[in-house]
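S.K.: Have a look at this one.
The values are calculated or read from the model by the stated rules, or taken from the named source; none is laboratory data. All of these numbers come straight from a predicted model, not from anything done at the bench. Here the Cβ positions follow ideal geometry from the backbone for every residue, glycine too, while neighbour counts run over all protein chains shown.
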Amino acid sequence: MVETGQAAAAVAMQTFERIHPVEFQRRFLGQNTRHTGREFNQFRALKVIKGAISTAQGSATVRLGNTTVVCGIKAEVCEPDVKRPTAGYLTTNVELSPMCSARFRAGAPSDEAQVASEHIYRLSMHLLDLTSLCIESGKAAWSLSADIVCLKHDGNVVDAAVIALVAAIEDLRLPRAEFDSATGVVSADKEALGHVDVKKRLFPATFVLVDDLCVVADADDAEEQMATASLLVVMDGEGKLVNLWKRGAGVISREAVEQCVERARERMSEIAKVLD
């Protein structure tokens, strides 16, 4: 009888969550807890697997809770920009398809995907010194294309995408290349592979203001649907603030922002252990 009562209560709770998702969340937040039982400043379990794609020069799979992202980097030789003759290229693209969530549609990239791609591209400039991708000044350089694909969307894709990009770049190995000035041809020794120099690691931590009630770390999809604002904090390996990105109309107090930065600094060491 006890088991039957518990099963009925579980079904009733699931039904209430489906019919009244906002009120379901508010009931928990009003009691200073989250529907998953996590604390407000608690992040989900993180798992990183480097070298996940054998056909890419560098790759990584990241799982943050149920959110799963894979990043693959392809390298090609190209001619550098005339304005930056000693620099290579690094481009990033984030894909959010119907495969990862029913919220997305096939066709043109969603606004969320485009915004994420643009911001991650800006962050990527802190990762690599593009002059390290130069093969021959003004003649040849490496062009890196990082495709970040979300396989399962359950909130906080940006954190997972940034971590996947960092891990994939650390996994990246390029062949030793030489430029023949007589023929204008680049030859690559695929037996002599080397890692690129990472300028600095990036450690992201995203917080959201849920229904203007409280700020929580690493929101899942249900919590993101109620978010009125989000705050991405990015630290480097020395614990210095690299980026602070606030989105949404909700107001996050100065005190809350300072607390988020401190929690992000703690999160940095947690991510570093997994990357190592």
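S.K.: Out of curiosity, is THR228 modelled with pLDDT under 95, surrounded by 15 or more Cβ atoms within 10 Å (Cβ to Cβ) and hydroxyl-bearing (Ser, Thr, Tyr)? Give the steps one after another, and end with the answer.
M.R.: Numbers: modelled with pLDDT under 95: yes; surrounded by 15 or more Cβ atoms within 10 Å (Cβ to Cβ): yes; hydroxyl-bearing (Ser, Thr, Tyr): yes.
Judged against the criteria, THR228 is a match.
S.K.: Follow-up. Test ALA264 against the stated conditions and say whether it is over 21 Å from VAL115 (Cα atoms), in a helix (DSSP H, G or I), in contact (Cβ under 8 Å) with a residue 40 or more places away in the chain and not charged (D, E, K, R). It would help to see each step written out before you state the result.
M.R.: Values: over 21 Å from VAL115 (Cα atoms): yes; in a helix (DSSP H, G or I): yes; in contact (Cβ under 8 Å) with a residue 40 or more places away in the chain: yes; not charged (D, E, K, R): yes.
So ALA264 fits the description; yes.
S.K.: Looking only at residues in segment 197-219 that are assigned to a loop (DSSP other than H, G, I, E, B) and surrounded by 23 or more Cβ atoms within 10 Å (Cβ to Cβ), which one is nearest to the chain's Cα centre (by Cα)? First the steps, then the outcome.
M.R.: Applying the first criterion (assigned to a loop (DSSP other than H, G, I, E, B)) to segment 197-219 yields 197, 199-201, 211-213, 218-219.
Adding the requirement that they be surrounded by 23 or more Cβ atoms within 10 Å (Cβ to Cβ) leaves 218-219.
Working: ASP218: 12, ALA219: 14 Å.
Among residues in segment 197-219 that are assigned to a loop (DSSP other than H, G, I, E, B) and surrounded by 23 or more Cβ atoms within 10 Å (Cβ to Cβ), the one nearest to the chain's Cα centre (by Cα) is ASP218.
S.K.: Looking at this structure, is GLU191 surrounded by 12 or more Cβ atoms within 10 Å (Cβ to Cβ), among the charged types (D, E, K, R) and more than 29 Å from GLN225 (Cβ to Cβ)?
M.R.: No, not satisfied.
S.K.: Moving on to the next point. Examine segment 201-209 for a residue that is touching a Gly at 6+ places or on another chain (Cβ under 7 Å) and touching a residue at least 60 places away in the same chain (Cβ under 8 Å), and state whether such a residue exists. Explain how you work it out, then say what you get.
M.R.: As a first pass, look at segment 201-209 and keep what is touching a Gly at 6+ places or on another chain (Cβ under 7 Å): 201, 209.
Still in the list and also touching a residue at least 60 places away in the same chain (Cβ under 8 Å): 201.
Yes, there is a match, as at least one residue in segment 201-209 is touching a Gly at 6+ places or on another chain (Cβ under 7 Å) and touching a residue at least 60 places away in the same chain (Cβ under 8 Å).
S.K.: Looking at LEU133, LEU151, LEU128, LEU172, which is the one that is within 22 Å of TRP245 (Cα to Cα), in contact (Cβ under 8 Å) with a residue 12 or more places away in the chain and not small (Gly, Ala, Ser)?
M.R.: Details: LEU133 fails: within 22 Å of TRP245 (Cα to Cα); LEU151 fails: within 22 Å of TRP245 (Cα to Cα); LEU172 fails: within 22 Å of TRP245 (Cα to Cα).
Criteria check complete, one pass: LEU128.
S.K.: Let me ask you something else. Among the numbered conditions (1) part of a strand (DSSP E or B); (2) within 14 Å of ARG34 (Cβ to Cβ); (3) at pLDDT below 90, tell me where ALA222 comes up short.
M.R.: (1)
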